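Colleague: Submitted below is the structure of interest, expressed as structure tokens.
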Amino acid sequence: MRRAHTTTLAADAAPSEPAPAPAAVAPAPTLRTEFDFELPRGYVDADGVVHKSGTMRLATARDELLPLYDARVQENPAFTTVVLLARVITRLGDVARIDAQLVENMFASDVAFLQDLYRRINSEGHTRAAVTCPSCEQSFAVDIAGGRLGES
């Protein structure tokens, strides 16, 4: 006697239970690579126009290595900051081109601000700083990338 084998495929069978819904997949976290800022004083161009708002991007290894081959940096290592900032500032007001000469002509307080911003975004990944109110001793975070008073 011969036996007949019947195979039932899952697709042919009537489901006894509904198929489980696919699990919700959380969106992958995005890496923030550009940071807007507001200069404390502002860059004054040749026409006397003040440019305060800008954008800085995260630095790459290349950004940090290329200034070492620059003749101005080899002559004066302090010039590294100027060359490096010129590479990572992607926008400053309506200025068409950002280069080392522009950074050289910024106020020292603005360059110091940009150095601090560079350090924060490239080592800490954000522009927030923890502060404490001297009056009430309440702790809170502020965005040190600048902005008008009361908007931090």
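Values quoted throughout were computed directly from the atomic coordinates according to the rules given, and no laboratory measurement underlies them. Just so you know, these numbers come straight off a predicted model, no measurement behind them. Heads up, the Cβs are rebuilt from the backbone with ideal geometry, glycines too, and the neighbour counts pull from every protein chain shown.
Colleague: How many nm is it between the label spots at residue 76 and residue 59, if each spot is 7 Å from the Cα in line with the beta carbon?
Modeller: Spacing of the two 7 Å Cα→Cβ label points: 1.9 nm.
Colleague: Can you work out the FRET efficiency for the pair residue 99 and residue 139, with r the C-beta to C-beta distance and R0 = 41 Å, to the nearest 0.05?
Modeller: Details: r = 41 Å, r/R0 = 0.99.
Once rounded, the FRET efficiency stands at 0.50.
Colleague: State, as an integer percentage, the relative contact order of region 34-143 based on alpha-carbon contacts under 8 Å between residues 6 or more apart. Please list the in-between numbers first.
Modeller: Details: 140 pairs, mean separation 26.5, N = 110.
Relative contact order, region 34-143: 24 percent.
Colleague: Starting from the Cα of residue 47, step 7 Å along the direction of its Cβ; do the same at residue 34; then give the gap between the two resulting points in nm.
Modeller: For residue 47 paired with residue 34, the spin-label model returns 2.3 nm.
Colleague: For a quick protection proxy, order the peptides 71-78, 103-110, 88-95 by their average other-Cβ count within 10 Å, most packed first. Intermediate results must be reported in sequence, preceding the final value.
Modeller: Numbers: 71-78: 11.4, 103-110: 15.4, 88-95: 17.1.
Packing proxy ranking, top to bottom: 88-95, 103-110, 71-78.
Colleague: What number do you get for region 34-143 when its Cα radius of gyration is normalised by 2.2 N^0.38 Å, N = residues? Intermediate values should be presented prior to the final figure.
Modeller: Working: Rg = 15.4 Å, N = 110, 2.2 N^0.38 = 13.1 Å.
Computed over Cα atoms of region 34-143, the ratio equals 1.18.
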